Amino acid sequence: MRRLTMPPPAAWMTVILFLMTGCDSPDGRLVELSEMSLERQAEQNRQMTEQSQRIADATAELIAADAQARQEFSKLSQDLQAERAGIDHQRESLEEERRKIAGQRNRDPIVAAAISSFGLVIACTLPLVLCAYLLYVLQHRTAPDEALVELLVEDLLAKQPRLLLSDGSDQKLTQRLLPGVPEESVDEEGQQEDDG
């Protein structure tokens, strides 16, 4: 769109001079003055055109720079959003890990208490199970078991055992197994069996 501009004062003066003098004046000075005025007017018009062109070029450059700045701003805004999304994701994973650690801290003492309670129950029931097993074995033992037990006891009490080694450790073993029996009685019973 083209702007209407007011003609400069020199153009008005030229028009006024033409009107005052008329078209048929033989005066050469007036013609020369009007030619100078027209040349000056043409020069001013040319300068105005150049200036308008420079303004148009500067406006185009400004619009291009503004568009480029908007694109850079848009790109930076997208990068910022991506970074925020990454930070949010890292924060969520950190929070999830913190929750897991807190849950584990709550569970660990419970599991440790359960394990120690279970171990205590096993330690308390083991002697009871052993006693129950021994009672079961005593009630259901057979004749060969009794004979074997009797043979082992005789061998332990003998001076020269047939089943155990006779290096003197059998007397210590007998004393450990039968602490109330003196060594002389063990020796005498072993001799009686040897004589018999």
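Bear in mind these aren't lab numbers, they're just calculated from the coordinates by the rules spelled out. All of these numbers come straight from a predicted model, not from anything done at the bench. Every residue, glycine as well, gets a Cβ built from its backbone with ideal geometry; the counts of neighbours run over all protein chains shown.
Between Arg105 and Ala85, the FRET efficiency from the beta-carbon distance, with R0 = 30 Å, is close to 0.50.
Taking other residues whose beta carbon is less than 14 angstrom from the beta carbon of Gln104, and scoring Lys, Arg as +1 and Asp, Glu as -1, yields +2.
In a simple Cβ point-charge model (Lys, Arg +1; Asp, Glu -1; nothing else charged), the range 49-156 has a dipole of about 440 debye relative to its Cα centre.
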